[in-house]
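Reviewing the structure listed below.
The values are calculated or read from the model by the stated rules, or taken from the named source; none is laboratory data. Computed from a prediction, not measured in an experiment: that's the story for all the values here. Cβ placement follows ideal geometry from the backbone for every residue including glycine, while neighbour counts extend to all protein chains displayed.
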Amino acid sequence: MSQTHDPQSFSADAIVIIGIGLIGGSIAAALKKRGFTGRIMGVGRNPSRLEAARRAGLIDEGTTDLTSAAARGSLLIFCTPVDLIVDGVCTAAKSCHDGTLITDAGSIKGGICQALAGKLPQRVTFIGSLPLAGSEKQGFEHADADLFDGRFCVVTPNQTTASDQMTRLRDFWQSLGCTVVELSAAEHDQALAQTSHVPHVVAAALASTVSASNRNLTASGFRDTTRIASGDPALWAAIMLSNADEIVGGLGSFSNGLKDLYNAISNQDATTLKNLLQHAKTNRDLLPDYEDR
């Protein structure tokens, strides 16, 4: 169910963003653009990269010490690869003060939420998030202050999530321009397998088929269809393995659709082929109308 709240109702003394890449950098840029008055701290592994992000005006300070940063933040956002989120949250939570809210921007939720259930101090709340925006590009140099404007953000509270913390998180994403949708962790993973993870597998497979001799002959159709295959292989391998069951199921459905097209073409069945293509066109034309970013 989508929720709307006054974006001005969100406030925090200090926000800690762990992982200042495209998403983390864009969150920081969006906060700056929208007049956030608290302090924005960036946490990462590379001091020089953190300093560059500070000079770029995205963060107010950077540190490689997650523990010390966690002790100062009232909202922590993990924008690291999905296979690093659980350990990072557990480490940070030990130093958080009462009432700290922790969220993430990872593309899977079931494994993360299950691993964290019952593991955190009662004074700390974790609620999963995924803003449905991004790019195949990497690094804070590609940060976009408007990346989340007009986009959906899925949040995954559970039955024990405190309503005041859920309101805080909802208001935060709303303040960046998102429309918030609440799903269970399982619903999230099933939906993202269909809308994001399976498409990435398909794009990667298609990109692998073009021969070296034909690369110069690729035009917008091939490039548009395979754009997301340029994403970080390590990051995407972690996502795919973490949501393997849902992705395998989605690939089965995709394979059935591909087989129908294969058979129609092989059998020179123009009527079936046109119907299949028309169904695909109708589905594609009904997608939300916003520019890719």
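Whenever a residue of the range 220-242 is under 10 Å from residue 200 (Cβ atoms), its partners that are buried (at least 18 other Cβ atoms within 10 Å of the Cβ) and among the hydroxyl-bearing types (Ser, Thr, Tyr), lying with C-beta atoms within less than 7 angstrom and at least six residues away or across chains, give the pairs 239/107.
Can you name the residue in the range 136-179 that is among the hydrophobic types (A, V, I, L, M, F, W, C) and either under 20 Å from residue 287 (Cβ atoms) or not assigned by TED's automatic domain parsing to the domain that holds residue 75 (or both) and, of all such residues, is surrounded by the fewest Cβ atoms within 10 Å (Cβ to Cβ)?
Let us first name the residues in the range 136-179 that are among the hydrophobic types (A, V, I, L, M, F, W, C), namely 140, 143, 145, 147-148, 152-155, 162, 166, 169, 172-173, 176, 178.
Pick out the ones that are also either under 20 Å from residue 287 (Cβ atoms) or not assigned by TED's automatic domain parsing to the domain that holds residue 75 (or both) and you get 147-148, 152-154, 178.
Details: 147: 22, 148: 25, 152: 16, 153: 24, 154: 21, 178: 25.
Taking the candidates together, the pick is 152.
Counting only residues that are polar (S, T, N, Q), touching a Cys at 6+ places or on another chain (Cβ under 9 Å) and more than 19 Å from residue 113 (Cα to Cα), the range 131-182 holds 2 of them. Scan the range 80-97 and give yes if some residue there is of a type in the set (Gly, Ala, Ser) and within 22 Å of residue 237 (Cα to Cα), otherwise no. Within the range 80-97, one or more residues are of a type in the set (Gly, Ala, Ser) and within 22 Å of residue 237 (Cα to Cα).
Can we say residue 258 is touching a Ser or Thr at 6+ places or on another chain (Cβ under 8 Å) and part of a helix (DSSP H, G or I)? For residue 258, the condition - touching a Ser or Thr at 6+ places or on another chain (Cβ under 8 Å) and part of a helix (DSSP H, G or I) - is not met.
A single member of 76, 66, 58, 22 is assigned by TED's automatic domain parsing to the domain that holds residue 135, within 16 Å of residue 169 (Cβ to Cβ) and touching a residue at least 40 places away in the same chain (Cβ under 8 Å), and it is 76. Determine if the range 194-205 includes at least one residue that is over 30 Å from residue 230 (Cβ atoms) and polar (S, T, N, Q). The answer is no, given that none of the residues of the range 194-205 is over 30 Å from residue 230 (Cβ atoms) and polar (S, T, N, Q).
The requirement of being buried (at least 18 other Cβ atoms within 10 Å of the Cβ), β-branched (Val, Ile, Thr) and more than 15 Å from the chain's Cα centre (by Cα) is not satisfied by residue 210. Entry remark, the range 39-80: residues being of a type in the set (Asp, Glu) and part of a loop (DSSP other than H, G, I, E, B) number 2 in total. The residues of the range 256-293 that are loosely packed, with under 10 Cβ neighbours inside 10 Å and among the hydroxyl-bearing types (Ser, Thr, Tyr), listed by number, are 266, 271, 282. Can we say residue 88 is of a type in the set (Gly, Ala, Ser), in contact with a Phe, Trp or Tyr (Cβ under 7 Å, 6 or more places away or on another chain) and surrounded by fewer than 22 Cβ atoms within 10 Å (Cβ to Cβ)? Criteria met by residue 88. Condition test on residue 227, is it surrounded by 15 or more Cβ atoms within 10 Å (Cβ to Cβ), within 19 Å of the chain's Cα centre (by Cα) and basic (Lys, Arg)? Judged against the criteria, residue 227 is not a match. Within the bounds of the range 80-94, is there any residue that is aliphatic (A, V, I, L, M) and in contact with a Cys (Cβ under 7 Å, 6 or more places away or on another chain)? For the range 80-94, residues aliphatic (A, V, I, L, M) and in contact with a Cys (Cβ under 7 Å, 6 or more places away or on another chain): absent.
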